[in-house]
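Structure record follows, encoded as structure tokens.
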Amino acid sequence: MSFELKARGEESLRHSLKRAVEPLILRAITDKIFPGCSLAVWKREHEPIVFSWGRETYSIKSPEIRPDTVFDLASLTKPLSTTLLVTRLVNAGRLSLDTTLREFAFLSPCPENKQSIRIRDLLSHRSGLPAWAPLYEKARGKEGFKRAILSIELVDKPGRRELYSDLGFILLGFIVEDTLQMDLARAFNEFVARPFKLCGDALGFKVQTELIAPTLQCNRRKKLVRGEVHDLNAWALGRSAGHAGLFGSAKELIRFLSELYLLYKDELAIEGLSGAILRKFLETKISTSNSSSSGTKPSFCLGFDTPSESGSQAGTHFSKKTVGHLGYTGTSFWIDLDRGIIVVFLTNRTFPLDSLESRNGLKKLRPRLHDAVMKVMETI
């Protein structure tokens, strides 16, 4: 195909996507589900397509959202930073998926009921730790958070059932730091950003740009939160965290994820990672005693989420072999591993205040948006 014909085809695809999704987006902005957003779409052998709508805030004087506007990625930090760092450490033989908490000296004394928690349990949300706790009310710094998490009561025995847990990933972040003897921000820059040639201005724990969408008018901090992590536990920790704290733009994130996909397919070489180890993480879904007895299937592979069997935020058109994640601030990505399609959707829906209306509005929008995108992508 000639360059001219390919360019014409890409422009036609861009027009079709915009026509399919723009009415949904503009309605959401009008309904104040979020003030602005970026949408990025990539399909194998095609160039990434990035759209932006709305403004950083609801003020008409606010800057417009751009493809390189940076958003607080919230829980996308779990797969894109913490999990990839664990993947690299397992690949290098410095960690094992079956390593237990009792084997880490920095966690001593580890309570007996938590000693058998394995790395794979933390990655697949089967540690038995609760989903969340307001650690920020009393704990400060790594030592304070470590003691608080180790002293918190388990909601189930380790490995018994799947329960999404921020606390598990905070602990996993500490394990990565202890193994590498460096904080997560430095580890991400050294072992993820550098080999993937990521732009530090557009993806990282501390981005150097003025193009940052605010996430909250925070009563506790008594200021507008912009370029500072939205999550209060990550804020109180006072450092890069395993569960939240990564920032990024749709433009940079779609490039990063497309290269991650090509690595998964053994079509790209990345220092310190292999397609084989990435496939192990993305394709391993672990059944528990609870899921086996109830007939439910596990939702998480190692560090990544997968679409639910019904009512998925990914909609109904992604293949069964899909991985991704959602972020509390209104962010998400999904990678269809079978068809080589990636969709990134970034918003700041928590601005100016987190509300049930914005949460429910985005929950209704995401499946419709993803279905609209995938219907177009299935035609090429």
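When THR209 is tested against (1) surrounded by fewer than 16 Cβ atoms within 10 Å (Cβ to Cβ); (2) farther than 23 Å from ILE49 by Cα; (3) not assigned by TED's automatic domain parsing to the domain that holds LEU135; (4) not acidic (Asp, Glu), only condition (2) is not met.
Quick check, is ARG161 touching a Gly at 6+ places or on another chain (Cβ under 7 Å), assigned to a loop (DSSP other than H, G, I, E, B) and not aliphatic (A, V, I, L, M)? Working first, answer last.
On the way: touching a Gly at 6+ places or on another chain (Cβ under 7 Å): no; assigned to a loop (DSSP other than H, G, I, E, B): yes; not aliphatic (A, V, I, L, M): yes.
When the stated conditions are applied, ARG161 does not pass them.
Scanning segment 85-98 for any residue that is touching a strand residue (DSSP E or B) at 6+ places or on another chain (Cβ under 6 Å), in contact (Cβ under 8 Å) with a residue 60 or more places away in the chain and under 22 Å from VAL229 (Cα atoms) turns up nothing. Checking LEU263, LEU268 one by one, the residue that is closer than 19 Å to VAL344 by Cβ, assigned to a helix (DSSP H, G or I), in the same structural domain as LYS280 (by TED's automatic domain parsing) and without any contact (Cβ under 8 Å) to a residue 40 or more places away in the chain is LEU263 and no other. The residues on offer are GLU45, GLU64, GLU103, and the sole one that is under 18 Å from GLY227 (Cα atoms), among the acidic types (Asp, Glu) and either surrounded by fewer than 22 Cβ atoms within 10 Å (Cβ to Cβ) or in contact with a Lys or Arg (Cβ under 8 Å, 6 or more places away or on another chain) (or both) is GLU64. Just one of (1) over 16 Å from VAL176 (Cα atoms); (2) touching a strand residue (DSSP E or B) at 6+ places or on another chain (Cβ under 6 Å) fails for ALA131. It is (2).
Inspect all residues belonging to segment 228-246 and state whether any of them is touching a residue at least 60 places away in the same chain (Cβ under 8 Å), surrounded by fewer than 18 Cβ atoms within 10 Å (Cβ to Cβ), in a loop (DSSP other than H, G, I, E, B) and small (Gly, Ala, Ser). Looking through segment 228-246, at least one residue is touching a residue at least 60 places away in the same chain (Cβ under 8 Å), surrounded by fewer than 18 Cβ atoms within 10 Å (Cβ to Cβ), in a loop (DSSP other than H, G, I, E, B) and small (Gly, Ala, Ser).
Checking each residue in segment 271-281 for being of a type in the set (A, V, I, L, M) and either at positive phi or outside any helix (DSSP H, G or I) (or both) picks out only LEU273.
For the structure I just gave you, tell me whether GLU259 is under 22 Å from ALA372 (Cβ atoms) and either at pLDDT 95 or above or surrounded by fewer than 17 Cβ atoms within 10 Å (Cβ to Cβ) (or both). Answer is no for this residue.
If you check ALA139, ALA148, ALA131 for being within 22 Å of TYR328 (Cβ to Cβ) and within 22 Å of the chain's Cα centre (by Cα), only one passes: ALA131. Being part of a loop (DSSP other than H, G, I, E, B), in contact (Cβ under 8 Å) with a residue 12 or more places away in the chain, touching a Phe, Trp or Tyr at 6+ places or on another chain (Cβ under 8 Å) and under 16 Å from SER81 (Cβ atoms) is a property that holds for PHE196.
The values are calculated or read from the model by the stated rules, or taken from the named source; none is laboratory data. What you are looking at is a predicted structure, and each value in this text was computed from that prediction instead of being measured. All Cβ positions, glycine included, derive from the backbone under ideal geometry; neighbour counts span all protein chains shown.
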